[in-house]
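Each reported figure results from applying straightforward, stated rules to the coordinates on display, with no laboratory input. Quick caveat: nothing in here was measured; it's all calculated off a predicted structure.
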Amino acid sequence: MKSLMIEVCNKVFTFLTHTEDLLVLDGAARWNRPEIDLPLQNKAQRRSALRGESDVDPTLK
């Protein structure tokens, strides 16, 4: 499981680092449009609020 998590993290990091170059999805363009994971988004917004960033919905605390 550890090796899988390392592989996933490496791939996500690489994608985020080279997003513009990898954004063309080719065959994957026919897949369902991805959806925001609300619990993960809420956690990110709470952490952002703790840092004092202003684009956070205060009702998510």
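Descriptive notes on the structure:
- Kirkwood hydrodynamic radius computed over the range 1-52 comes to 13.7 Å, based on all pairs of distinct alpha carbons.
- Difference of contour (0.36 nm per residue) and Cα-Cα distance, residue 41 to residue 12: 8.8 nm
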